[in-house]
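The values are calculated or read from the model by the stated rules, or taken from the named source; none is laboratory data. Owing to the predicted nature of the structure, the values given are computational and were not obtained by experimental measurement. Cβ placement follows ideal geometry from the backbone for every residue including glycine, while neighbour counts extend to all protein chains displayed.
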Amino acid sequence: MGKVDGFLNFDRELPKSRKPEERIHDYREIYEPFPEKKTNEQAARCMDCGIPFCHNGCPLGNIIPEFNDAVYRKSWEEAIQILSETNNFPEFTGRICPAPCEASCVLGINKPAVAIEHIEKTIAEKAYELGYIKPNPPKIRTGKSVAVIGSGPAGLATANQLNKAGHSVTVFERADQIGGLLRYGIPDFKLEKSIIDRRLDIMSAEGIVFETNAEVGKNVDIKTLEDGFDAIVICTGSTVPRDLPIPGREFKGIHFAMEFLTEQNKQVANETPEGVSITAKDKHVVVIGGGDTGSDCIGTSHRQGAKSVLQIELLEKPLDHRTDKDPWPDWPMVVRTSSSHEEGGKREWALLTKAFECDSSGHVKSITLVDIEWKEENGRKFFEEVPGTERKEPCELALLAIGFVAPENSLLEQFQIEISDRNLVKAKKYQTNWPHIFTAGDAHRGQSLVVWAISEGREAAVAVDKYLMGSSALPSKSGSFLVAR
């Protein structure tokens, strides 16, 4: 490494964020500029471990010590070359990944981990600034064509890899813009949509065709795909939200989180100039669910001018440190605070939602909650209500952010795709019961991280390429490199 004692000389440091009282008045990304010299120093903290556990922590298998060394030496072209070997979209993951690689960092055993996510984002931004990320269409086309259904991170990664292999790729997206979850599910204060558009311009220039307002199985007949393409990849995500079937669920003002977030994202993009219909303005908001989607609802509610925000979680509050149940290098089950939590509101754990109550117009006005105590018996965890703790909290907007259960089934039925006992697309090495139809991302894996969706898209592309050509030179995390044709 360029500086073998960097981890002794430099402490972990990240870009500062704009003050909460300022940033809640806009939807721009929250972080302030960070001097390049400081990023070089952060990269110097990498220890060049004998066994870099960060590789295994990263679902993409990013070659982290090597790109850290390049950043320390200010060799940005080398850094983006290394990073691009494993990650199609570092400008996305450098912003919205929970960084499991950092949880596996060897330095993190007894010191703050290397700031891998920040370094990754900086590599991508410097590469764009210096012109290292630019269209690079394949020199030879195979004559094979592939349809990718869905333009979220899995679909985009699949398309990008297959295009590199020389196949003609068309991406079908039912919404009016490309990006899937990246565009419509993640608020701009975490991922400004110009970041997506910048990458899409590159992909289009490389020959990938994007079709919007194209819902396969509805206004795009599946026979069109069957007849017109040599292979099909289903990357539709797991978009059926988990519901909360309790008394009062039918009242007005109770919405799934994605209804709320998607509408606001469209408003920020001026797709709904008349304004949003689901708004937190001047309301008592209750967010049910303690994950990232719930956090996004909190930040959006602050920006819309909520009167109060309460986030509740069924599970117990995690500890602030690892235990023997999640030792290093495993992902630690610790309490996490997002930028949205820093902006205000309350968080409460171990709460069961019992019912909603409404006003005379049928609009939700309050929520009944009760404390619960988690217990374990014969290896099975369960909870019991704590007597005397039932209470009502004001609630004029309830947002259900309790996860997703399955992909929508209509398309799968039309293609006659077999599904698993979890109602996901059933596949062996990304290939469904129809040899020419493949799958990747949440539709196959279930609700997961953007970085896992990209990983699945890359691996599915290898399977498709091998199906079409008999072998593949695309990189594969599971099999290193298959025999080059």
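Any chance you could count how many residues in the range 327-362 are hydrophobic (A, V, I, L, M, F, W, C), within 22 Å of the chain's Cα centre (by Cα) and assigned to a loop (DSSP other than H, G, I, E, B)?
3
All but one of (1) touching a residue at least 60 places away in the same chain (Cβ under 8 Å); (2) closer than 27 Å to V209 by Cβ; (3) not in a loop (DSSP other than H, G, I, E, B) hold for N136; state the number of the condition that does not hold.
Among (1) touching a residue at least 60 places away in the same chain (Cβ under 8 Å); (2) closer than 27 Å to V209 by Cβ; (3) not in a loop (DSSP other than H, G, I, E, B), N136 violates only (3).
Considering G299, G237, G294, G289, which residue is within 15 Å of L182 (Cα to Cα), under 21 Å from the mean Cα position of the chain (by Cα) and buried (at least 21 other Cβ atoms within 10 Å of the Cβ)?
G237
Can you tell me how many residues within the range 188-211 are surrounded by fewer than 20 Cβ atoms within 10 Å (Cβ to Cβ) and in a loop (DSSP other than H, G, I, E, B)?
4
Would the range 430-451 turn up any residue that is of a type in the set (S, T, N, Q), surrounded by 15 or more Cβ atoms within 10 Å (Cβ to Cβ), free of Cβ contacts under 8 Å to residues at least 60 places away in the same chain and not in a loop (DSSP other than H, G, I, E, B)?
Within the range 430-451, one or more residues are of a type in the set (S, T, N, Q), surrounded by 15 or more Cβ atoms within 10 Å (Cβ to Cβ), free of Cβ contacts under 8 Å to residues at least 60 places away in the same chain and not in a loop (DSSP other than H, G, I, E, B).
One line per residue, one yes/no per condition, for (1) buried (at least 21 other Cβ atoms within 10 Å of the Cβ); (2) in the same structural domain as C235 (by TED's automatic domain parsing); (3) out of contact with any Gly (no Cβ under 9 Å at 6 or more places or on another chain):
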residue: N62; (1), (2), (3): yes, no, yes
residue: K74; (1), (2), (3): no, no, yes
residue: L107; (1), (2), (3): no, no, yes
residue: P137; (1), (2), (3): no, no, no
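Can you tell which of E343, E408, E390 is in contact (Cβ under 8 Å) with a residue 12 or more places away in the chain and touching a helix residue (DSSP H, G or I) at 6+ places or on another chain (Cβ under 8 Å)?
It is E343.
When only residues in the range 395-405 that are in contact with a helix residue (DSSP H, G or I) (Cβ under 9 Å, 6 or more places away or on another chain) and farther than 23 Å from R174 by Cβ count, which is surrounded by the most Cβ atoms within 10 Å (Cβ to Cβ)?
L399
In the range 457-476, what residues are closer than 16 Å to K428 by Cα and not in a helix (DSSP H, G or I)?
S476
Of these, T272, T262, which one is outside the structural domain of L468 (by TED's automatic domain parsing), in a loop (DSSP other than H, G, I, E, B) and either over 21 Å from the mean Cα position of the chain (by Cα) or of a type in the set (V, I, T) (or both)?
That would be T272, the only listed residue that is outside the structural domain of L468 (by TED's automatic domain parsing), in a loop (DSSP other than H, G, I, E, B) and either over 21 Å from the mean Cα position of the chain (by Cα) or of a type in the set (V, I, T) (or both).
Working carefully through the options I402, I454, find the one that is assigned to a loop (DSSP other than H, G, I, E, B) and not hydroxyl-bearing (S, T, Y).
Sole residue among the options that is assigned to a loop (DSSP other than H, G, I, E, B) and not hydroxyl-bearing (S, T, Y): I402.
Looking only at helices (runs of 4 or more DSSP H) that fall completely inside the range 1-120, which ones have 1 or more residues that are under 22 Å from the mean Cα position of the chain (by Cα) and touching a residue at least 12 places away in the same chain (Cβ under 8 Å)?
It comes to 53-57, 64-72, 76-84, 90-96, 100-103.
Tally the residues that are of a type in the set (A, V, I, L, M) and touching a Leu at 6+ places or on another chain (Cβ under 8 Å), restricting the search to the range 201-221.
Residues that pass the stated criteria total 2.
Select from the range 361-388 the residues that are in contact with a Leu (Cβ under 8 Å, 6 or more places away or on another chain) and of a type outside the set (F, W, Y) and list them in ascending order.
V364, L369, V370, D371, I372, E385
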